[in-house]
Each structure stands twice: as structure tokens, then as C-alpha cells.
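Engineer: One structure, as C-alpha cells, below. Some questions next.
Only the coordinates and a few stated rules stand behind these numbers; no lab work does. Since this is a predicted model, take the numbers as computed values, not measurements. Counting neighbours? That spans all protein chains shown, and the Cβs are built from the backbone with ideal geometry, glycine included.
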Number of protein chains: 2
Amino acid sequence: MAQTTDSLAQRLLDGDRRALARAITLVESDDPAGWELVREVYPKTGQATIVGLTGAPGAGKSTLIGALTKLRREQERQVAVLSIDPSSPFTQGALLGDRIRLTDHFLDPGVFIRSMANRGALGGLSEAALQAALLMDAAGRDDVFLETVGVGQAEVDIIDHADTVVLVLMPGSGDSIQALKAGVMEIPDIIVVNKADHPLTETMVREVRAVLSLAPHGGWRVPIVKTEASRGKGVPELVERLDEHRAHIEQEGTLSERRRRNLRSEVLGICTFRMRAALEEQLAQDEEFQRLLDEVVARRLDPASAATQILRRVDPAQAEPGAGD
Amino acid sequence: MAQTTDSLAQRLLDGDRRALARAITLVESDDPAGWELVREVYPKTGQATIVGLTGAPGAGKSTLIGALTKLRREQERQVAVLSIDPSSPFTQGALLGDRIRLTDHFLDPGVFIRSMANRGALGGLSEAALQAALLMDAAGRDDVFLETVGVGQAEVDIIDHADTVVLVLMPGSGDSIQALKAGVMEIPDIIVVNKADHPLTETMVREVRAVLSLAPHGGWRVPIVKTEASRGKGVPELVERLDEHRAHIEQEGTLSERRRRNLRSEVLGICTFRMRAALEEQLAQDEEFQRLLDEVVARRLDPASAATQILRRVDPAQAEPGAGD
């Protein structure tokens, strides 16, 4: 197997698309060979520009990424897209219709597109997403676009892998701007108001400006870019802003700061995910756990005390802060 | 201290509002006395009807809860509201304006209102939110309303404490319905289209109906209720649907199934949170961790291998699934 992995790593580093696809599948299916591969190619990473695009479903993120990809290809840059696809038992694949513009690039060898599904194991998904982004980076892609939906913590964890975070809004759809206003969502580096042919565009721009005026500056003035991604309008300006932000964080040293912070939380996230997985595995064969759970359901034992007892059983070394004795 | 806790528990069980407020503060600040208190009163819980309301900021959840509270009070039921408040360094408290209708009830001793802030420690927040809901239950509140924003995993964890989940939408704001369509959001038990005087109300109802037609049934037909919460319109119908759903899950035995599943994930969530906290504590004083992190930043050691080394250092008993050696 080491043989196979070695040559896969070499082909990946040479930029072979099939090797990249195969490598991501290994990582996604939690195959040990995938982890080994990432370890092997990790020293070659850190070169790609990782841009995260987030926003509500329907805001036009995929179309925008399609338009960005077109411009980046004109600059002869290699592009990879990692789309974190929501899915559920009954809508799996339902979003594919939105990907039309992105599929324009399906035949271009300079563009690599991959979807990852959210199958409930979110800790694991965030972990797998970073590994996939690292593989894309190692394969020599100049630009890696990460696409996520939603404003929750799990989505934030994924988008945190990015060097530059772009929030995509659309006029007349208030949820995201409300989330921004309420502080549910962190202030991104760049805000795009897409579908800017909509009559409510200027209203939304004003609202965004008002929210930003309350935000801390930190040396970077968050630009608001109006785009009509489906016609490519405003996209060259967005590319300029992306390059400016990149230059800014490189100059200020915040790129390495940001990467250190993200890598720290990534390492801890992997640790937490593995501890939880190990715990679940131990408990699956543990009749005492079922008995404790019965006690909790019967209201004879409270959840926190049950947790204390479980942590003592499975691993006496783990402390339980805040639990009375 | 045992003396103090004992009498606090007794006053809480007697329904004393100040005791309840004090108890929640103990839990929120992770005071061991808070955990002890929950343990003591836990056998008295399980009586309250716990209703979770979720939806984007601005959809009118607080107003709706205010209107629901009014009706429940007319039925002489005791009400508690737990609002999971988003906050950020620069918008803290900015949402208070939305709470106007809820504050109508501030002087009614039959209504207990409490906000909890999301201060980044989301695992801990979900944990604290359940503990607070249990305390409200033990204090004899007949109805506990849990309010959260957002559609992410962390918010789902909180709303999972509820027996009945209500999604609040507003017409003309497409994000939530898109999230539902995309399967980012689980199908709730009841859908409310609030602000139903809006011209786009029927469009939204049709869209919701189309999404629901794709959803699995499971014996319960998800009702769509149109409300104008600010005028109390449609709220009696919502109360009827809430009662119907309650009767349905009691009859079908799904209430106890649901509670068992939720309590299981709660116990595991508390375990995970404590393991992570214990890990962070150990690493805070660990120079080797800083050195490992430096290696990761310098791209000499990949994040997953760093995690493997850390888990071996801090706790050799923990397995690391999927990590090559």
C-alpha cells in the first residue's frame, strides 16, 4: 500500500486531476491512506490562495464562483472549487440545478470541482474539508474556493480555513443581513451584493454599510462589491478586492497570524472529533451506558451526572470541570 | 454551601422566581453548585411542555412568543422563556428592541423570561441551555419556550431539547425557506408564516407546501400556520396545533423516544465538551503543544498527525481512528 500511496502522492504533486480526485475520496471516506497522503504532501502546501464564500442558499455563490473561475483562468491560474453541499435524505442532489454556471468549466483541466456532502457528522466534515483543501493546495492549484451555506458554528469552522472570507448577499432577502446585524455572523473580509439588478440593491448596500460602521476596523476597510454574477458584471472588481485583501494580510502579517489561529483550532477540532468518536465506539458495546441512559430517561439521574460517570468509566484520566461530587 | 443549595432547591421547586433566576446564573457561570442543584431537582422534571422556536433574526420569534405567552397565561399556565441571544463584541444587546412585546409580561409573576448569550463557547451554551430549561421545568413552569436563531448545527443542538420544534418564517425573506429546501435545516413539527399581512404570504405558503410534499411523513402532517404575531392574529390556531402535536407524540410514544434520543445526545455532548475543556486546560501549560503548533504552521507537521501526537501525550488511552502510523 505504501507503494500505491507514494505514487499517488507524486502524481498529486504533479497536478494530476485523477490523483487529486482519488486522494479526496480517501480523505472523505476516512481511509487511513488519505491521512497518510495529506501528511506526505503537507510540506508542499501553503501556496494556494484560499477564498471562502458563504451566504444563504440561493444568493448565487456557485454562479459567482463560476464567474471568478473564468477570470482566474484568463490569468492562467489553476483553480479548485470545494463546495460543501447540504444534503438530506430527501433532497440529496436537489441543488445541482444551481451549479449550471460552474459546470461550464467541467471540461477545463485547469479547473477542479468537488462537492462534499454534509451527512450530519459535522465535526468530521469540517475536518475532511480542510484535508481536501490541503490536497488541492498541494496539487498546485493557485486558487481554492470554499463554498458553504448557513450561518451556524459548523459552517464558520469550515470557512475559517480560508485566508479571505466573502459573504454573498442578495437584495430583498433579509436573513443574512439580519444575522450580520445581530452579530450571529462574524464580519467577513469582503461583502458581495449579488443580483445587483434587483431594485432593492441600494437599500441593501445602505443596510450593509450601516452594519459595517459599527464593526471594529482592524486596519482593513471591508469593501462592498455589487455583482451580477450570471452576466459577469462586477466580478473584475471583486477579483481586485480579493487581491487587495491578500496583499493587505500579507503585509500586515495577519495572514500567518490567521493561519496559525486556524491551524490551532483545526488541530484541537481533530482531537475533539477523535475523542468523541472513540467515546461513541466504547459506549456502543457498553451495557452500563444503556443502563445509565435508562436512569436519565426515568429522571433518576441527571445528564451531567451521567456524563461524569461515563467519563470516569471510559477514561479515569479525564477531569470533569464544574461537576459537583 | 450544601445548606444554601438545599434551601435554594426547595425554593426553586416551590416556584420562587428569584430562586430560579439565581439557579440559572449558577448554571450559566459553570458554578459547581449549579450542577448540584440540577442533579437535586432533576427527578421533578419532565412535566413541562418544551417548545423550541427557531428562524432567522427579524422573523418575529420574540413577538410570537409574547403572543403565545399571553394565551397560555389566559389558560392559567405558568410560562418560562429562554432566549438564546446572539451577541458579538460590537452588537451586544442590540436586539433588545425586538423584545418589546415580550417585556409586556415582565411584571407578571406567572412569566419568567431569561436571555442567554452565545459567547463563542457553543458546546457549553447548548449544555447550559438544557440545564436552564430543566430548572424552569422543575420550578413548575407548564410551558417553556426556547428561542434560537440560525440554521447551523449548534442551534440545532439547542432546539433538540424541545418536544415540539416550530420554524418561524416571514414572507419575502427567502433564506430560511431555501435552507429548508436544500435540506440544511431539518423539517420542523410546525411551520409558522409570520407577518402574514405581507403581499408575498401566499407565495411563501405555496413554497413551504412544495418543500413539505417532498418530506417524509412519519405519521404527522406538518401544519403551516399564518400569523400576525404583533396583533395576535393566528396565534390561537398556533396554540391548537401545538396542543395537537403534543397529543400526537404522547399517543405515538414518540415523545419518550424523542426525549431518549435528545438526552443521549445531551449526555454525549456534555462528555465531549468536558473532554475538550480538559484538553485545552492541559495544553495551556504545555510547551510541547506550542512546539507542535509551530511545526504545523511551518508545514513540517500536518494537523492530523499533530492531533495524533497530542492525544498520545495527554491521554494514551484515547484511540485515534483513521490516523496512519
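Engineer: Under 12 Å from the Cβ of residue A:144, count the other residues' Cβ atoms, weight Lys and Arg +1, Asp and Glu -1, and hand me the total. Write out the running numbers ahead of the final one.
Structural biologist: Numbers: positive: A:72, A:77, A:114, A:141; negative: A:137, A:142, A:143, A:147, A:163.
Spelling it out: positives minus negatives among the neighbours equals -1.
Engineer: Then there is this: Nm distances between the label at residue A:16 and the same-position labels in the remaining copies, 7 Å along Cα→Cβ, shortest first?
Structural biologist: Copy-to-copy label distances at residue A:16, shortest first: 7.4 nm.
Engineer: Long-range amide H contacts for residue B:83: which residues qualify at under 5 Å (H placed 1.01 Å from N, peptide plane, sequence gap of 5 or more or a different chain)?
Structural biologist: Amide H neighbours of residue B:83, under 5 Å, 5+ apart: B:114, B:115, B:116, B:147.
Engineer: Simple spin-label model, 7 Å along Cα-to-Cβ: residue A:76 to residue B:230 in nm?
Structural biologist: So the two model labels end up 5.9 nm from each other.
Engineer: Residue A:25 to residue B:25: FRET efficiency via 1/(1 + (r/R0)^6), r the Cβ-Cβ distance, R0 45 Å, to the nearest 0.05?
Structural biologist: Values: r = 50 Å, r/R0 = 1.10.
Efficiency computed from Cβ-Cβ geometry: 0.35.
Engineer: Sticking with this one: Under a crude label model (7 Å from the Cα following the beta-carbon direction), how far is residue B:206 from residue A:251 in nanometres?
Structural biologist: Each label point is offset 7 Å from its Cα along the Cβ direction, giving 5.2 nm.
Engineer: For residue A:195, which lysines qualify as cross-link partners when the Cα separation must be under 29 Å and same-chain residues fewer than eight apart are set aside?
Structural biologist: A:61, A:70, A:181, A:226, A:233, B:61, B:181, B:195
Engineer: Sketch the reach of a paramagnetic label on residue A:197 as a point 7 Å from Cα along Cα-to-Cβ, and name the residues of the range A:45-64 whose backbone nitrogen lies under 12 Å away.
Structural biologist: Correct set: none at all.
Engineer: A further question follows. Quick check on the range B:1-44: take the gyration tensor over C-alpha atoms, sort the square-rooted eigenvalues as a ≥ b ≥ c, and tell me if it's rounded (a/c under 1.5), prolate or oblate.
Structural biologist: It is rounded, given that a/c, with a ≥ b ≥ c, falls under 1.5.
Engineer: Follow-up question, since we're still on this one. From the residues B:15, B:38, B:26, which one has its Cα farthest along the dipole of the range B:1-44 in the positive direction, the dipole being from +1 and -1 charges on Cβ of Lys/Arg and Asp/Glu about the Cα centre?
Structural biologist: Highest projection toward the positive end goes to B:15.
Engineer: I need the inter-copy label distances for residue B:209: point set 7 Å along Cα to C-beta, values in nm with one decimal, smallest first.
Structural biologist: In nanometres, ordered from closest: 4.2.
Engineer: Would you please classify the overall shape of the range A:13-92 from the alpha carbon gyration tensor, given that a ≥ b ≥ c denote the square roots of the eigenvalues, rounded means a/c under 1.5, and beyond that prolate means a/b larger than b/c while oblate covers the rest?
Structural biologist: Here the range A:13-92 falls in the oblate category.
Engineer: So how far apart, in nm, are the two label points at residue B:115 and residue B:299 if each is 7 Å from Cα heading toward Cβ?
Structural biologist: According to this spin-label approximation, the distance is 4.6 nm.
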